[in-house]
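> Next up is a structure, given as structure tokens.
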């Protein structure tokens, strides 16, 4: 835990981009479901960018404040039975799931453009420049990591919904067996690399950051 007011302020400055990124992710799920005809999340007040609506006491508040490099927001409820007529439930769940990581990539892209412009033109100076610089860097990394992590085809991550919708019938029995082991597989994905001192996300995160940086330089330069 933070030991003094300055450390607490620094921790909160770091956590604010995390909370905003998680909220944007969950809002995107709610928005996609609403566009497909499911108003479940909207009726529960989740069709909003307000972080308070998406806070999970443990995953969004306690763990990040303790310095644990892992967290989550309150999942958005989706009822595929409420999708508009003609929308396949698996396909609808796929698009609803994809919306979260895509929203994070969009937010990261915007932050990369702003960060690049900040470096090129330096419209701010002193402490204000440093705060803006650090906040944008945090936003970029958090959103790229959220997008990459949630794209994994491991239940209950968003990528599993995509895999479920696209899974060939011949492999579905095996997939459904794996799906039931989702929580165990997710725990393994999170804990095993740490135990083995291996970072599975270095190369995909670097690849995405490199692509976003190329796009940003093209836009700004």
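Laboratory data are not the source of any read-out in this text; all were calculated from the coordinates shown. Everything quoted here is computed from the prediction, not taken from an experiment. Note that we place each Cβ from the backbone using ideal geometry, even for glycine, and neighbour counts take in every protein chain shown.
> Just check the stretch 175-221 against the gyration tensor rule for me: Cα atoms, a ≥ b ≥ c as the square roots of the eigenvalues, rounded for a/c under 1.5, and otherwise prolate or oblate depending on whether a/b exceeds b/c.
Verdict is oblate for the stretch 175-221.
> Spin-label point model (7 Å from Cα, Cβ direction): what's the residue 200 to residue 127 distance in nm?
Rounded to a tenth, the inter-label distance reads 4.3 nm.
> In whole Å, what is the distance between the alpha-carbon centres of the stretch 11-30 and the stretch 129-147?
Cα centroid to Cα centroid, the span is 11 Å.
> Which angle from 0 to 90°, rounded to the nearest 10, does the C-alpha axis of helix 89-121 make with the longest principal axis of the chain?
It works out to around 10 degrees.
> Hey, what angle do you get for helix 5-35 against the long axis of the chain, alpha-carbon based, 0 to 90 degrees rounded to 10?
Tilt relative to the chain: about 30 degrees.
> Which residue fluctuates the most in the chain, going by a Gaussian network model with Cα springs under 10 Å, if the choices are 166, 157, 43?
43
> If neighbour count is taken as other Cβ atoms inside 10 Å, put 31, 172 in order from fewest to most.
172, 31
> Tilt of helix 182-195 relative to the longest C-alpha principal axis of the chain, in degrees (0 to 90, nearest 10)?
30 degrees
> Using Cβ contacts closer than 10 Å as the measure, can you line up 178, 83 from fewest to most?
178, 83
> Another question about this same structure. By per-residue mean of other Cβ atoms within 10 Å, what is the highest-first order of 182-189, 18-25?
Per-residue Cβ counts within 10 Å, averaged per peptide and sorted highest first, yield 18-25, 182-189.
> Order of 199-212, 131-144 by packing, highest average Cβ count within 10 Å first?
The packing order, highest mean first, is 131-144, 199-212.
> So what is the relative contact order for the stretch 5-220, in percent, with contacts set as C-alpha pairs under 8 Å and at least six apart? Could you put the intermediate results ahead of the total?
Values: 257 pairs, mean separation 45.2, N = 216.
Normalised by residue count, the contact order of the stretch 5-220 is 21 percent.
> Springs between alpha-carbon atoms under 10 Å, Gaussian network over the chain: tell me which of 39, 158, 56 tops the mean-square fluctuations.
Of 39, 158, 56, the most mobile in the Gaussian network model is 56.
> Another question, then. Quick one: Debye curve from the alpha-carbon atoms of the chain only, equal weights, vacuum; give me log10 I(q)/I(0) at q = 0.14, 0.16 Å⁻¹ to two decimals.
Log-scaled intensity ratios, in q order: -0.99, -1.24.
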